1. Once label points are set 7 Å from the Cα along Cα→Cβ at both residue 53 and residue 68, what is their separation, rounded to one decimal in nm?
2. Could I have the simple spin-label model distance between residue 75 and residue 184, label points 7 Å from Cα toward Cβ, reported in nm to one decimal?
3. Highest mean first, what order results for 179-189, 42-52 on Cβ atoms within 10 Å?
4. Starting from the Cα of residue 82, step 7 Å along the direction of its Cβ; do the same at residue 38; then give the gap between the two resulting points in nm.
Amino acid sequence: MNRPDRWRRAAIALLATFAFNSYAADTLPTIELSAQGTAIAANDLARADAYFEASANEPAAVARAVNQAIAAALAIAKPYTTVSVKTGSTSTWPIYSTPSSSGRNNQTITGWRMRSHLALESTDIAALSRLIGELQSTLAIGSLQLMPAPTTLRAANDAATREALKAFEARAQLVTETLGRKYRLKALSINEQGGPMPMFRGAAMAEMAVKAAPVEAGDSTVSVHVNGTIELID
């Protein structure tokens, strides 16, 4: 056998070995595992929506009333330096007359209604609660939401992720040691999920106004789910 033939045979054998190893690697037995980690995050951030609504016969009159109320609210909020106060959306819509008993569509515009919002936010929940108490003499509070601040939520997510990954690793070791095999990681996904956050609306906000009760922020539970696939190897 001449040298070129030997080289060709060696190359074919090498390719066959590579193809077999690739096929074997692709057909390794796999196991899907999941694990979860949780962490507690303090609800140290509060957001509230306050608004003023008025009606008048003329658009200019209703705008003047709303603007005066919002300006007064901003003046009340100014000393609260730890509370962020921003003007929100403003909407105006017509008020129509009641349809006649004959059923004819002869409604006319009899007035105008306008609503303007203020967005309140602070990590000083006690100060925000006091400000809401003052504003409720003229403004309505549409909602109050308590949640972890971004830095607090990030720290809780990191802690929950570490716990979930350690739990996944422990589960993988348990399974493979029981089977008398080793493993390598093939795929892994991490999903974060926050727990429900306290939200006060409508009647609950009215009750808070009457009682002037302090806000109990509480905590939120942050969950991280890890799903992955491991390959069993010798």
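1. Using points 7 Å along Cα→Cβ, the separation is 2.1 nm.
2. Those two pseudo-labels are separated by 7.4 nm.
3. On the way: 179-189: 12.5, 42-52: 20.9.
Those peptides, ordered most packed to least, come out 42-52, 179-189.
4. 3.0 nm
Rule-based calculations on the coordinates, nothing more; no lab input. As the structure is a computational prediction, the values presented were derived from the model and not from experiment. Note that each Cβ is placed from the backbone with ideal geometry, even for glycine, and that neighbours are counted across all protein chains shown.
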